[in-house]
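Just so you know, all these numbers are worked out from the coordinates, no wet-lab data involved. Owing to the predicted nature of the structure, the values given are computational and were not obtained by experimental measurement. All Cβ positions, glycine included, derive from the backbone under ideal geometry; neighbour counts span all protein chains shown.
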Ligand code: AP5
Ligand code: MG
Ligand code: ZN
């Protein structure tokens, strides 16, 4: 690894706020990989790994997968060569214990550089989540009304099949929101105190949020 400091961004926001959507759009311009712990769990589930099977019961309920497992997984992921210059974290850290662990992992880089918080109301988040569709092959994210694919049920990028996540059914979504307020929202104060929090209005169209995010990064990175 080079001696240069790595750049770490942590995207915050309720489930459905658009963290994954914005992270994917940022990857190319920042030349940093998106690290989505939810995506890694889903990938493991698809491949029936031990980790995937362990995560499944928590994800189906909308609860957090145990910290020990999650933190180790992120640690391993950060050692991959594509993260040599840093990463865009999406869905991690998700509670104070994870945030402290991540602080230690990135201490030699000066910690998290920026934590953009994508604000969105619960009602809008529910609408976003229940209309979401994801590509089985590449993980691209669509919405049946707000960001539809050119052809229904088919990924624009690779022609993969679009599916609805198991945890995007209404009851689980409610618990995910509850878990967010209880366990994840304290991170807003945590990163504010570190001077790296920046708030965005997530109710705007995808390209507007992306433009504001880029502007913010230009100012702060
Ligand atoms: P995870 O996969 O992280 O799900 P989440 O936090 O619930 O977040 P979402 O992916 O639902 O929302 P998002 O903000 O990424 O929104 P998106 O861009 O897709 O976690 C799933 C589960 O894994 C957890 O419940 C937990 O069990 C486990 N897990 C994950 N990380 C963990 C951790 N660190 N510790 C422990 N457990 C963990 O957008 C949503 C929809 O809206 C899409 O359809 C999109 O097209 C649309 N949309 C996006 N932006 C806009 C816009 N501006 N206007 C209109 N539509 C938009
Ligand atoms: Mg996501
Ligand atoms: Zn695809």
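Centre-to-centre separation between the Cα atoms of the range 54-115 and those of the range 18-51: 12 Å.
Under 13 Å from a label point set 7 Å out along the Cα-to-Cβ vector of residue 119, the amide N atoms of the range 168-212 belong to 198-204. Full extension of the segment from residue 150 to residue 171, taken as 0.36 nm per residue of separation minus the current Cα-Cα distance, would add 4.6 nm.
GNM remark for the chain: springs join alpha carbons under 10 Å apart, and the peak mean-square fluctuation among 15, 93, 148 falls on 148.
Can you bin the chain into rounded, prolate or oblate? Criterion: square roots of the alpha carbon gyration tensor eigenvalues sorted a ≥ b ≥ c, rounded for a/c under 1.5, prolate for a/b above b/c, oblate for the rest. Rounded is the answer for the chain, as its axis ratio a/c remains below 1.5. Rounded, prolate or oblate: which fits the range 160-221 when a ≥ b ≥ c are the square roots of the eigenvalues of the alpha-carbon gyration tensor, with rounded for a/c under 1.5 and prolate only if a/b beats b/c? Because a/c hits 1.5 or more and a/b fails to exceed b/c, the range 160-221 counts as oblate. Largest GNM mean-square fluctuation across 40, 144, 71, computed for the chain with C-alpha springs under 10 Å, falls on 144. Extension gain, residue 84 to residue 31: 0.36 nm times the residue separation minus the Cα-Cα distance gives 18.0 nm.
When each of 137, 172, 21 is scored by the number of other beta-carbon atoms lying within 10 Å, the sequence from fewest to most is 137, 172, 21.
Does the range 103-188 classify as rounded, prolate or oblate by the C-alpha gyration tensor (a ≥ b ≥ c root eigenvalues; a/c under 1.5 gives rounded; else a/b over b/c gives prolate, otherwise oblate)? Taking the square roots of the gyration eigenvalues as a ≥ b ≥ c, the range 103-188 is oblate. The label point for residue 157 and the one for residue 108, both projected 7 Å from the Cα toward the Cβ, are 3.1 nm apart. Comparing 180, 58, 191 in a Gaussian network model of the chain (Cα springs below 10 Å), the most mobile by mean-square fluctuation is 58. Neighbour counts of C-beta atoms inside 10 Å place 150, 169, 80 in the sequence 150, 80, 169, starting with the fewest. DSSP bridge analysis restricted to the chain gives an antiparallel fraction near 35%, rounded to the nearest 5. Ordered by the number of other Cβ atoms lying within 10 Å of each residue's own Cβ, fewest first, 214, 46 fall into the sequence 46, 214.
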